[in-house]
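The structure under discussion appears below in the form of structure tokens.
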Amino acid sequence: MSTRGDSGNHGAFVLRLADSNLVLAQRLGEWIGHAPALEEDLGLANTALDLLGQARLLLTYAGALEGRGRDEDALAYLREEGEYLNCALAEQPNGDFGDTLARQFLFDAWQLPLYERLASSRDPQLAAIAARGVKEARYHLRYSSGWVVRLGDGTAESHGRVQGSLERLWPYTAELFDADDIDRAMQVAGIGVDLGAVRVDWEQTVAAVLAEATLARPGDRPWHWYGKRGEHGEHLGHMLAQMQALQRAHPGARW
Amino acid sequence: MDTAALEERFQARIDADERIEPKDWMPDGYRRALIRQMAQHAHSEIVGMLPEGNWITRAPTLKRKAILMAKVQDEGGHGAYLYGATETLGVTRAALIEELLAGSAKYSSIFNYPTPTWADIGAIGWLVDGAAIMNQIPLCRCSYGPYARAMVRICKEESFHQRQGYDIMLALARGTEAQRRMAQGALDRWWWPALMMFGPPDAESKHSAQSMRWKVKRFTNDELRERFIEFTVPQAEYLGLSIPQGTIDWNEFHEVLRGNGPCNRERLEARRRAHQNGGWVREAALAYAEKHRSGYREAVQ
Ligand SMILES: [Fe+2]
Ligand SMILES: [Fe+2]
């Protein structure tokens, strides 16, 4: 399916998807037990569990593509920050409930059209994972967009808060659509997708939801983050230090 | 019919093992006792999310992380389900939660102990969910229908949790020296508090006799405690861990109950913080629902 030179790209492409899911699941996991209402503890846990499940499948697959015997845990727990290829949006701190749901909405609105296209990837493994992910992503988007609408069109306070969340998070959405060599090579090979087309869908969803939420679309600004190339801000290192603590403290132990 | 006759008929139904349903007549004392017990149970599920939630971000493998997240989510679901069942007795979940946050409602003292190591997550599943099952299986035949039905559903998930907790302990017991020490440390920490979960000795138990008559309770505290010990000791032997020697320190039990356990303050503060920080979110949801009730749009346009 892929030429020799593409196999590195292929692995990195899968790893990007895996890491974005894993990192966002880890963030959502911080909420469980501390949400504004019991239903939201359950809702955030649902999304977190789905994303974690997808991350595990994708990591296992990325490990197989790499062919060096690394399993999901070796990839999750024994890679350094610079080797993580998640989008920077996923690693942004939880902030308040509005920040978390705005982050989730911007992410879900991207992941759904991405998975819809990946479901017909020429890579059958990836296509199968994406096809399963489509159903989950659609549900996540319903949950997150529902909250963006309620917060946007709720009280003056909630409106102001969630508008601020969107402004802060907006710059991190740019890399989602900024195709680089890996994205282009995968698209040419029929494995990846046209990110421009994903963007059209994303813009449509975002416009519709923000209109219903009476929120304004933030302006595009220059951005500095390429999480998918391993260039991260200051947050990911702390997250990994916490997530990987036991594996690092007990090398080789089985759990 | 006068109250004495109603009460007699009520007791006759209980004696005949009939289920009492929300619309049936019931003595005030029965209603109050059930509200107290069911609310306490619901609160325990919610507060119980905290000590285990403490390890979600640090679970040592992705599989363990997924299992733990699902478990903590289950406990939240149990809480929601039990609050719902309690509401059939004429109270609201919001009022019950207010009582919890005000510090005037009780929850299981076990969750006032800390989880300093990963092994504590194993020990909680194995011992705490294990003890909860011992307590709760008889409740599946409790005389109050909604509670009994809730317990059937909950017990299935708790036994899952118990097995998963034991599996964590097994991996640790078969692991490195440091992991075995971690497992033994957690057993040492959780053994006595787990035994206290069955409540004070029968001789001191305030509510027992009436609860037995009403079939809200079917075995005494000491009976259930003994059964738990019989069940658990061989499991510890299989792990190669040793059960702590000694006797229950009832003084500790009463102190934790009085609010002087290691984490009482942290647990309540965490619940209060979540509630306070979520205030603007709940207000927004209410305001939104209010605005979008049919007719509002037309009215303001
Ligand atoms: Fe539970
Ligand atoms: Fe449980």
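The values are calculated or read from the model by the stated rules, or taken from the named source; none is laboratory data. No experiment lies behind these values; they were computed from the predicted model shown. Heads up, the Cβs are rebuilt from the backbone with ideal geometry, glycines too, and the neighbour counts pull from every protein chain shown. Each accessible area value is taken on the protein alone, full model and side chains, heavy atoms only, with ligands, DNA and RNA left out. Shrake-Rupley method; radii C 1.70, N 1.55, O 1.52, S 1.80 Å.
Tabulated data
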| read-out | value |
| --- | --- |
| At least 30 Å² accessible surface lost relative to isolated chain, residues of the range A:29-62 (1.4 Å probe) | A:29, A:32, A:33, A:34, A:36, A:38, A:39, A:42, A:49, A:52, A:56 |
| Helix A:38-66 vs. chain A, principal-axis angle (Cα, 0 to 90°, nearest 10) | 20 |
| Sparse-neighbour loop sites [GluC sites (Glu not before Pro); the range A:80-184; at most 13 other C-beta within 10 Å; DSSP] | A:80 |
| At R0 = 51 Å, FRET efficiency that the Cβ-Cβ distance of residue A:139 and residue B:32 yields, to 0.05 | 0.80 |
| Filtered GluC sites (Glu not before Pro), the range B:1-93: DSSP coil and at most 16 other beta carbons within 10 Å | B:18 |
| Cα-based helix-to-principal-axis angle, A:156-169 vs chain A, degrees rounded to 10 | 30 |
| Charge-dipole axis of the range A:4-249 as Lys and Arg at +1 and Asp and Glu at -1 on Cβ define it, positive-most pick from A:213, A:120, A:9 | A:120 |
| Distance (nanometres) between label positions extended 7 Å along Cα→Cβ at residue A:214 and residue A:83 | 5.0 |
| Those trypsin sites (Lys or Arg not before Pro) in the range B:215-301 that DSSP places in a loop and that have at most 15 other beta carbons within 10 Å | B:293 |
| Candidates B:115, B:220, B:57, ranked by Gaussian network fluctuation over chain B, Cα under 10 Å, top entry | B:57 |
| Gained length - residue A:197 relative to residue A:181, 0.36 nm times residue gap less alpha-carbon distance | 4.0 nm |
| Mean accessible surface per residue for the range B:169-301, computed with a 1.4 Å probe while every protein chain stays in place, in Å² | 57 |
| FRET efficiency, 1/(1 + (r/R0)^6) with R0 60 Å, evaluated for residue B:286 and residue B:15 via beta carbons | 0.85 |
| Kyte-Doolittle mean at least -1.0 and Cα axial length at least 24 Å: DSSP H helices in chain B | B:28-47, B:62-87, B:145-173, B:177-196, B:221-239 |
| Heavy-atom accessible area, 1.4 Å probe, ligands and nucleic acids excluded: residues of the range A:70-89 down by at least 50 Å² from chain alone | A:77 |
| Dipole in debye (nearest 20) - chain B, about Cα centre, beta carbon charges: Lys, Arg +1; Asp, Glu -1 | 860 |
| Accessible-area composition of the protein assembly as shown, carbon plus sulfur, in percent [1.4 Å probe] | 53 |
| Chain B: calculated mean residue ellipticity at 222 nm from DSSP helix runs of at least 4, using -39500 (n - 2.57) | -21000 deg cm²/dmol |
| Selection from A:101, A:76, A:242, by position along the positive dipole direction of chain A (Cβ) | A:76 |
| Cβ-placed point charges (K, R +1; D, E -1), dipole of the range A:4-249 about Cα centre in debye, nearest 20 | 420 |
| Dipole magnitude (debye, nearest 20) for the range B:127-234, charges at Cβ of Lys, Arg, Asp, Glu | 420 |
| B versus A: buried accessible surface, summed, Å² (probe 1.4 Å, to nearest 100) | 3900 |
| Delta accessible area of at least 30 Å² on complex formation, residues of the range B:71-89, 1.4 Å probe, chain isolated as reference | B:73 |
| Distance from the range A:51-123 to the range B:1-74 (C-alpha centre basis), Å | 38 |
| Solvent-accessible heavy-atom area per residue, rounded to whole Å², over chain A at 1.4 Å | 38 |
